[in-house]
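As structure tokens, the structure follows; a few thoughts come after it.
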Amino acid sequence: MFAALRDATARGSKVPTDLVAAINDRKRELNAVILAHYYQNSDLQDIADYIGDSLGLAQAAAQTTADVIVFVGVHFMAETAKILNPTKQVLLPDLNAGCSLADSCPPEEFLKFKQAHPDHKVVSYINCSAAIKAMSDVICTSANAVKIVNSFPPDQPLIFAPDRNLGRYVAQQTGRDLLLWQGTCIVHEIFSEQKLVELRVKYPQAAVIAHPECEPTVLRHADFIGSTTALIKYVARSDAPAFIVVTEPGVIHQMQKIAPGKTFIPAPPNNNCACNECPYMRLNTLEKLYYTMRDRSPEITLDESLRLAALKPIQRMLELSANS
Ligand code: 13P
Ligand code: SF4
């Protein structure tokens with residue numbers, strides 16, 4: 001509430017009484033499409049034209065015919081949309097909506113790491129900057145990482161960056177020895193194993209569903225591991241009456257829609273907070289979305305040679321994921 005008032009004051013304007021109507025009007029005027037990630041606040045998910053995981057959002061960005069892409073997610077997602085759409089305007093409601101994983105891989109250090117292993121190809125998780133993408137052979141997301149890694153001949157040495165937890169999980173699934181960059185996500189690394197075990201005891205009928213960015217100590221308790229879209233699909237087909245959800249709790253909004261009679265319990269972090277929201281994703285608000293569309297700012301811009309270098313590995317991923 002106070003954050004929303006601050007946003008409005010900062011933009012020096014009165015908040016329209018019907019924000020949803022104002023956003024939809026502006027969307028028509030701009031011929032814009034609103035793409036949102038599942039970790040966004042529910043009101044933002046509800047106003048989006050497309051809600052998805054990182055892979056689905058990249059595919060939607062690659063296919064849209066809109067003139068303006070409004071990305072309600074974090075910076076690397078909007079940047080990916082811009083890399084795919086150099087002639088379209090790509091807007092992000094808050095440029096500070098970054099990602100700890102992307103920040104954990106500084107390009108200068110990664111370049112040295114890559115140069116120290118010249119025989120390795122580089123598979124990078126989409127949660128990274130355009131500069132890291134430009135140094136990669138192929139991009140992956142949590143939805144297709146196993147498939148992308150398996151697309152290389154078994155004897156091809158691979159660097160996997162920047163998430164060591166997803167990397168470890170993929171190494172386990174593929175039986176490959178991946179050279180891991182040691183990045184982590186500040187949200188997924190702090191789920192508490194002890195509190196998760198306590199929840200399992202309290203809700204014995206509940207299935208534990210987890211994102212592969214979690215630590216191995218947490219993943220070993222999971223009944224199902226997958227991307228946000230995969231977790232939602234699992235909920236839709238599972239007979240379990242309840243789910244302990246070990247990822248950012250924004251995803252529960254779609255789970256409740258798809259399985260309204262079921263119980264969803266967000267797994268707690270190992271601090272005093274009850275839930276574990278991504279501080280970057282949650283920077284976006286309905287008010288900021290409105291002002292961004294009204295002002296056509298902030299906008300994502302990119303150096304053209306960097307864009308072209310980052311485009312190649314993203315296109316490779318999209319080709320390899322054509323049927324996913
Ligand atoms: P997804 O690939 O499931 O969208 O996850 C993205 C992300 O940022 C997880 O923290
Ligand atoms: Fe990045 Fe983690 Fe937030 Fe996903 S949840 S955007 S990986 S900080």
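What follows draws every value from the coordinates through simple rules; no lab data is involved. Note that the structure is a prediction, hence the values are computed from the model and not measured. With ideal geometry, Cβ positions are generated from the backbone for all residues, glycine too; neighbour counts draw on all protein chains shown.
What shape does the chain have by the C-alpha gyration tensor, where a ≥ b ≥ c are the square roots of the eigenvalues, rounded means a/c under 1.5, and otherwise prolate means a/b greater than b/c and oblate the rest?
Cα axes put the chain in the oblate bin.
Arrange S321, S297, S129 by Cβ neighbour counts within 10 Å, fewest through most, would you?
S297, S321, S129
Can you put T228, T285, T263 in order, fewest other beta carbons within 10 Å first?
Going from least to most buried by this count: T263, T285, T228.
Counting each DSSP H run of 4 or more residues in the chain as -39500 (n - 2.57), what helix-only mean residue ellipticity at 222 nm follows after dividing by all residues, to the nearest 500 deg cm²/dmol?
Per the formula, -12000 deg cm²/dmol.
Equivalent-ellipsoid semi-axes (√(5λ), Cα gyration tensor) for the stretch 16-149, whole Å, largest first?
31, 14, 13
Cα centroid distance between the stretch 91-117 and the stretch 252-324, in Å?
That distance is 16 Å.
Cut-off 10 angstrom, C-alpha nodes, Gaussian network model of the chain. Which of L44, L302, L283 fluctuates the most?
Sorting by GNM fluctuation, first place goes to L302.
List I258, I139, I252 from most exposed to least, where exposure is judged by having the fewest other Cβ atoms within 10 Å.
I258, I252, I139
If the reach is capped at under 18 angstrom between alpha carbons, list the aspartates and glutamates near K121, excluding any in the same chain fewer than eight residues apart.
E108, E109, D137, D155, D163, D177, E319
Rounded if a/c is under 1.5, else prolate if a/b beats b/c, else oblate: with a ≥ b ≥ c from the C-alpha gyration tensor eigenvalues square-rooted, which is the stretch 116-218?
It comes out prolate by the Cα gyration axes.
Shape verdict for the stretch 188-229, please, from the Cα gyration tensor: rounded (a/c under 1.5), prolate (a/b greater than b/c) or oblate.
Here the stretch 188-229 falls in the oblate category.
By how many nm would the segment from R220 to S151 lengthen if fully extended, with 0.36 nm per residue of separation less the alpha-carbon distance?
Additional length available on full extension: 22.2 nm.
Please give the net charge around I258, taking every other residue with its beta carbon less than 15 angstrom from that of I258, where Lys and Arg add +1 and Asp and Glu add -1.
It works out to a net charge of +1.
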